[in-house]
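The values are calculated or read from the model by the stated rules, or taken from the named source; none is laboratory data. Values in this document were obtained by computation on a predicted structure and should not be read as measured data. Ideal geometry is used to build each Cβ from the backbone, glycine not excepted, and the neighbour counts take in all protein chains shown. Note: accessible area is taken over every heavy atom of the protein model, side chains too, but ligands, DNA and RNA are not part of it. Shrake-Rupley method; radii C 1.70, N 1.55, O 1.52, S 1.80 Å.
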Amino acid sequence: MEDNLSPAAITENLNTHFIGHKVIYYPSLPSTNESARKEAQWGAAAGTVVVADEQTAGRGRLSRTWLSPKGSVALSVILRPNIAYLPGLIMLASLAVVRAIDKTTGLKAEIKWPNDVLIKGKKVCGILIENEVRRNTLAYAIIGIGINVNIHLADFEDIFPIATSLSDEMSKAVSRLEVVRQLLMQMDKLYLDLPNEDIIYEQWRNNMVMLGKRVRAQSGESVIEGLAESVGKDGSLYVRLQDGILSRIVAGDATILRR
Ligand code: BT5
């Protein structure tokens, strides 16, 4: 199977307006987000992609660790949209992953607020968006995406109970090259819809796994439990508490309660 993530392989006949017109590849990197941030600061064009075969210091939110051994996909895309579209970027990224997984494997993935993509309740992808805002203008946004493609999760006991990979779900290897190319094409298509925020928002909401379920949500030190009622266009999660009050969570984590 073609599993070469060279810029030539990724960009060959890539049908995009701007995403992936420039691809920078490394066999190994601490973090593609870190490298993309430097590229963005040096003036890299919007749409530039940094991709690595493995990361040695992949990061999640709040200084958490993201494991991306060989066989996974780790990439970061530099975007420079209007700051008004910032909430749409997490929606765009997670939807692009869901679509790319569907196109390459037929597997139906779901979105877990705010930034995870799950298959059968297990995390197959994490997304980390890092921005540089200067005087109310977005200098750049880095969309970092990690997907477990050809990883045997049983080899990674720390995350085994909560994670899955495309190859584990398919019981066979999956082309990382196809996953990356599809991801870039889907991101490019969705990017054009950003000014039309309802399109992306509605699809994001419709693919959200936790709505209508009881959840525990954490934001900073505060933890609440209730019914995940809706998500807002600004990306927030609305949880109905036992006393009837609707609580809005702008940033944090949420898990579905199994009882
Ligand atoms: C995320 O953070 O899920 C964002 C991950 C973003 C990774 C990409 S890879 C390309 C780019 N470069 C980077 O350095 N990062 C981005 P968070 O929601 O905080 O979740 C982190 C948690 O996910 C960890 O604490 C583990 O529990 C779990 N985890 C770590 N590695 C995992 C993996 N490979 N698969 C599933 N879960 C994982």
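Entry remark, region 42-96: residues being of a type in the set (A, V, I, L, M, F, W, C), in a loop (DSSP other than H, G, I, E, B) and at positive phi number 0 in total. Residues in region 97-127 that are in a helix (DSSP H, G or I) and either touching a Ser or Thr at 6+ places or on another chain (Cβ under 8 Å) or hydroxyl-bearing (Ser, Thr, Tyr) (or both) were compared, and the one that is nearest to Val180 (Cα to Cα) is Thr104. Pairing residues of region 189-217 that are within 17 Å of Ile119 (Cα to Cα) with residues that are open to solvent by 60 Å² or more (accessible area, probe 1.4 Å) and at pLDDT 95 or above, at Cβ distances under 7 Å and at least 6 apart in sequence or on separate chains, gives Asn207/Glu110; Val209/Glu110. Listed by first and then second residue, the pairs linking a residue in region 112-127 that is open to solvent by 20 Å² or more (accessible area, probe 1.4 Å) to a residue that is near the ligand (Cβ under 8 Å from one of its atoms) and in a strand (DSSP E or B), with Cβ atoms under 6 Å apart and 6 or more places separating them unless they lie on different chains, are Lys122/Ala163; Lys123/Asp116; Lys123/Ala163.
Quick one: would you say Glu178 is open to solvent by 20 Å² or more (accessible area, probe 1.4 Å), touching a residue at least 12 places away in the same chain (Cβ under 8 Å), outside any helix (DSSP H, G or I) and away from the ligand (no atom under 14 Å from the Cβ)? The answer is no for Glu178. Among the residues here, Gly235 does not qualify as among the small types (Gly, Ala, Ser), open to solvent by 40 Å² or more (accessible area, probe 1.4 Å) and not in a strand (DSSP E or B). Taken over region 1-34, the criterion of being part of a loop (DSSP other than H, G, I, E, B), open to solvent by 50 Å² or more (accessible area, probe 1.4 Å) and among the hydroxyl-bearing types (Ser, Thr, Tyr) is satisfied by no residue.
Annotation note: of Arg99, Arg64, Arg80, Arg37, the sole residue that is more than 8 Å from the ligand (Cβ to nearest atom), within 16 Å of the chain's Cα centre (by Cα) and open to solvent by 60 Å² or more (accessible area, probe 1.4 Å) is Arg99.
Inside region 220-232, residues that are under 23 Å from Leu62 (Cβ atoms) and either of a type in the set (Gly, Ala, Ser) or in a strand (DSSP E or B) (or both) make up a count of 9. The condition of being among the hydrophobic types (A, V, I, L, M, F, W, C), more than 12 Å from the ligand (Cβ to nearest atom) and closer than 27 Å to Ala44 by Cβ holds for only one of Ala109, Ala141, Ala154, that being Ala141. Within region 159-185, the set of residues being farther than 18 Å from Pro7 by Cα and out of contact with any Ser or Thr (no Cβ under 9 Å at 6 or more places or on another chain) comprises Ile159, Phe160, Pro161, Ile162, Ala163, Thr164, Ser167, Asp168, Ser171, Lys172.
Residue count for region 21-34, restricted to those that are over 26 Å from Asp155 (Cβ atoms) and within 15 Å of the ligand (Cβ to nearest atom): 2.
For Arg216, the criteria (1) in contact with a helix residue (DSSP H, G or I) (Cβ under 6 Å, 6 or more places away or on another chain); (2) of a type outside the set (Gly, Ala, Ser); (3) farther than 29 Å from Arg80 by Cβ; (4) open to solvent by 60 Å² or more (accessible area, probe 1.4 Å) hold in every case but one, which is (1).
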